[in-house]
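Report on the structure given below.
Bear in mind these aren't lab numbers, they're just calculated from the coordinates by the rules spelled out. Only a predicted model underlies this, so the values are computations on that prediction, with no experimental measurement involved. Note: ideal-geometry Cβ built from the backbone for every residue, glycine included; neighbour counts use all protein chains shown.
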């Protein structure tokens, strides 16, 4: 199914640490830790596919010993026979895609043997997003010792997929630091740029996980002032919660203007 964007119902706080690690060297580790908390998956691979027919493996991390070999094999040849390829290449920039549920019968015999039987993979979930001519394809796997994803785990992965796809694309395409990314968003992108400088400072610290008390201490203002700036900022943005603020940021990260 195709995701329709990041709404206020998304548990955005669940992926905050990964989004704020964009551009840092520890992004892959934090991404993996975040996803394991959500669905206890075994392995993650990220591929970059281009409309020109090129493929590369950007991330290979987890509990599959031959993961590196699988990544190289997929990038070298097997991406052309991936049954998800049509769904991937129908994607549009800025619109995260959730790929169909895993079914072994979707894959050819040789593909099945190399990527599932030999590796011990018994289940997978996948999401993707296009930025320009590059598709960032994110795959989550579970091996035989873990069993298949439960319905609840699959639901959680689907809920956070838009945020994860946008974060992966942002990290591997630009590799900017999180502070620079947030500062640029608040300085240049509506509706965040419409906030006053102090309202922006408060909102940026909210996104970084600081409590109202910590924000007050960090900015050298009273708790009452912090709460007032937060209230005014939320009113300007038409929101009422931290999750909705985070959803705005994720929407801007995923939008075509932020990734070009």
(request) Would you mind calculating the relative contact order of the chain from Cα pairs under 8 angstrom and at least 6 residues apart, reporting the percent as a whole number? (result) 26 percent
(message) Using Cα-Cα distances under 8 Å and only pairs 6 or more residues apart, what relative contact order does the range 178-259 have, in percent?
(response) 28 percent
(request) Could you tell me how many degrees, from 0 to 90 and to the nearest 10, lie between the Cα long axis of helix 151-174 and the main elongation axis, the longest principal axis, of the Cα atoms of the chain? (result) 80 degrees
(message) Using a 7 Å offset from the Cα along the Cα-to-Cβ direction at both residue 109 and residue 173, what is the distance between the two label points in nm, to one decimal?
(response) 4.1 nm
(message) Under 10 Å, Cα contacts only: if you run a Gaussian network model on the chain, which one of 150, 167, 193 comes out with the highest mean-square fluctuation?
(response) 150
(message) Between helix 178-188 and the chain, what is the angle of the helix's C-alpha long axis to the longest principal axis, kept within 0 to 90° and rounded to the nearest 10?
(response) 60 degrees
(message) Rounding to the nearest 10 and keeping the result within 0 to 90°, find how far the Cα-based axis of helix 27-39 lies from the longest principal axis of the chain.
(response) 80 degrees
(message) Bin width 10 Å, origin at 0, all Cα-Cα pairs of the range 178-259: what percent of pairs per bin?
(response) 18, 55, 24, 3
(request) Identify which of 126, 169, 194 has the largest mean-square fluctuation in a Gaussian network model of the chain, with springs joining Cα atoms closer than 10 Å. (result) 194
